[in-house]
Amino acid sequence: MSLIKLDISKSGVTVNSEMLAKAQQANELLHSGKGAGNDFLGWVNLPSSISAEEIAAIEAQAAKLREKAEVVICIGIGGSYLGAKAVIEAMSNSFEFLHRKHANPTVVFAGENISEDYTFELLEAVKDYSIATIVISKSGTTTEPAIAFRIIKAEIEKRYGKAEAAERIVAITDQARGALKTLATNEGYPTFVIPDNVGGRFSVLTPVGLLPLAVAGIDIKALVEGAQAMEEATKAEVAVEQNLAAQYAIVRNELYAAGKKIEILASYEPKLQYIAEWWKQLYGESEGKDGLGIFPASVTLTADLHSMGQYIQEGERTLFETVISVANSKHTIKVENDEQNLDGLNFLTGKRLSEINKMAELGVQLAHVDGGVPNMRIEIPQIDEKAIGELLYFFEKACGISGYMLGANPFNQPGVEAYKKNMFALLDKPGYEEESKAIKARL
Ligand code: PA5
């Protein structure tokens, strides 16, 4: 039984049998492995195929890192970064950094940028803490994490020596290929494998996501259980009318066909901001190709009602909105009575903030719908591992279905290479001599 609910009643789309048949066909293609990009479908049955032994191996490695390090630096970019970042943000106390007793260890991230100041400040910040690192790269050759890893590896070796460094560096990479795999083998780093048939942005439920999450103290068994429930609820055998991922994929494709080119993922919980970042990569890289695809954007509300709210309400009518709605807060805070009532808010006395937040959400939904922004709502009962696990798989499955409905190969990302060629040419990488000359002439 899945916990997530999907409400499409304010999307303006009436789902008909033709749409259902198309979505069903797309889902069957994912399961039969006969569609485009079919060598990257390992994620479809991934949750149910994760064994207790795999979880135990990940937890055992996490325990070793937790014992050794106060700060674990997680190095990766794109799909080798966003899943872990998203779930850690969702599950952590928003003010962890102010708590006298920090989470032990604290997981921080590197290699998702090439900022000199970020890297300097990171090294400064961890100066007085014991450190370890998890370096994640499927290809093992991505420039940003490779640069960060050089620096962090040197720091670890300087502090602890080479032998102990091999206890504090864990590599997650391809089974056989790539520079990181070669290095990990040569240096004897503990290594976890990213399956060949799982692409980066679909890899959160492999060691790519699970090891950093286990290090951060997150219950990865419950996360996987949540994903398993959603895998079960969206199988090809499930009636497509009951398949929430198919319904979501149908509505977004219909809206796109009707000229709604931008989907805004909105949430009223700041903790979910990085879930939206993860979602943006998932949908942006999967569908944005061949001159097509919905542009995935996100807002955190109510904050962004005071920045993006005007545009959403009255700007160009090419938007639709999907809200991740959280039914229950973990904690209770009520509005106090104030004798003077100068702010006029005594009508809220005794109300929980979650109740006010919910009314904001419903009010905004109706205002946006009235303003020509179709709306879908995905409700999760609360922010916990099980619900987040469901949500991750829900979005993955819907992405596969949606991409096939659009006619795309959702599992490649040819466009990501263009910037790399230019960057290497500008940096005079050997082998890029012709490109270097050509690009420098354009500057
Ligand atoms: O989804 C993808 O495949 C990409 O976003 C990759 O995850 C990203 O480019 C990082 O690649 P790698 O893990 O090979 O370093």
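Listed by first and then second residue, the pairs with beta-carbon distance under 8 Å, at least 6 apart or on different chains, first residue in segment 195-206 and of a type in the set (Asp, Glu), second open to solvent by 30 Å² or more (accessible area, probe 1.4 Å), are ASP196/ASP39; ASP196/GLN175. Within the option set ILE401, ILE356, being within 24 Å of the chain's Cα centre (by Cα), modelled with pLDDT of 95 or more and aliphatic (A, V, I, L, M) holds for one residue only, ILE401. Within segment 321-336, if we keep just the residues that are free of Cβ contacts under 8 Å to residues at least 24 places away in the same chain and touching a helix residue (DSSP H, G or I) at 6+ places or on another chain (Cβ under 6 Å), the residue that is least open to solvent (accessible area, probe 1.4 Å) turns out to be VAL335. Figure legend. Inter-residue proximity from segment 70-90: first residues open to solvent by 10 Å² or more (accessible area, probe 1.4 Å) and modelled with pLDDT of 95 or more, second residues within 16 Å of the ligand (Cβ to nearest atom) and in a loop (DSSP other than H, G, I, E, B), beta-carbon distance below 7 Å, spacing 6+ or different chains. Indicated pairs: ILE77/GLY111; ILE77/GLU112; ILE77/THR142; GLY79/GLY199; GLY79/SER203; SER80/LYS138; TYR81/GLU112. For segment 44-53, the set of residues classified as open to solvent by 50 Å² or more (accessible area, probe 1.4 Å) and either among the small types (Gly, Ala, Ser) or without any contact (Cβ under 8 Å) to a residue 40 or more places away in the chain (or both) consists of SER48, SER49, ALA52, GLU53, listed by residue number. Of all residues in segment 136-152, those that are closer than 14 Å to SER115 by Cα have Cβ atoms under 9 Å from Cβ atoms of residues that are charged (D, E, K, R) and surrounded by fewer than 19 Cβ atoms within 10 Å (Cβ to Cβ), 6 or more apart or on another chain, in THR143/LYS420. Look at LEU41 and say whether it is under 21 Å from ALA227 (Cα atoms), within 16 Å of the ligand (Cβ to nearest atom) and buried (at least 17 other Cβ atoms within 10 Å of the Cβ). Yes; evaluated as a whole, the condition is true for this residue. In segment 372-383 there is no residue matching the filter, namely being surrounded by 19 or more Cβ atoms within 10 Å (Cβ to Cβ) and in a helix (DSSP H, G or I). Scanning segment 123-159 for residues that are part of a helix (DSSP H, G or I), open to solvent by less than 30 Å² (accessible area, probe 1.4 Å) and more than 13 Å from GLY78 (Cα to Cα) yields a total of 4. Which count do you get for residues in segment 189-206 that are open to solvent by less than 20 Å² (accessible area, probe 1.4 Å) and either part of a helix (DSSP H, G or I) or more than 24 Å from GLY78 (Cα to Cα) (or both)? The number of residues fulfilling the criteria is 2. The residues on offer are ILE356, ILE383, ILE378, and the sole one that is without any contact (Cβ under 8 Å) to a residue 60 or more places away in the chain and β-branched (Val, Ile, Thr) is ILE356.
Could you check segment 66-78 and list, in sequence order, the residues that are touching a helix residue (DSSP H, G or I) at 6+ places or on another chain (Cβ under 9 Å) and farther than 26 Å from GLY199 by Cβ?
Taking segment 66-78 first, the residues touching a helix residue (DSSP H, G or I) at 6+ places or on another chain (Cβ under 9 Å) are 66, 68-69, 71-78.
Once the filter is applied, which keeps residues that are touching a helix residue (DSSP H, G or I) at 6+ places or on another chain (Cβ under 9 Å) and farther than 26 Å from GLY199 by Cβ, segment 66-78 yields ARG66, LYS68, ALA69, VAL71.
Of the residues making up segment 190-232, those that are over 18 Å from ALA84 (Cβ atoms) and within 16 Å of the ligand (Cβ to nearest atom) are ASP196, ASN197.
When ILE262, ILE250, ILE275 are screened for being under 22 Å from LEU362 (Cβ atoms) and among the β-branched types (Val, Ile, Thr), only ILE275 passes. Taking the numbered list (1) closer than 30 Å to GLY363 by Cα; (2) open to solvent by 10 Å² or more (accessible area, probe 1.4 Å); (3) away from the ligand (no atom under 16 Å from the Cβ) in turn, ASN186 passes all entries but (1).
Report yes if LYS10 is assigned to a loop (DSSP other than H, G, I, E, B), modelled with pLDDT of 95 or more and not acidic (Asp, Glu), otherwise no. Steps first, please.
On the way: assigned to a loop (DSSP other than H, G, I, E, B): yes; modelled with pLDDT of 95 or more: yes; not acidic (Asp, Glu): yes.
Criteria met by LYS10.
Counting only residues that are outside any helix (DSSP H, G or I) and out of contact with any Ser or Thr (no Cβ under 8 Å at 6 or more places or on another chain), segment 208-232 holds 3 of them.
The values are calculated or read from the model by the stated rules, or taken from the named source; none is laboratory data. Computed from a predicted structure; not experimentally measured. Don't worry about glycine lacking a Cβ; one is built from the backbone with ideal geometry, like all the others, and counts go over all protein chains shown. Heavy atoms of the whole protein, side chains included, go into the accessibility calculation; ligands, DNA and RNA do not. Shrake-Rupley method; radii C 1.70, N 1.55, O 1.52, S 1.80 Å.
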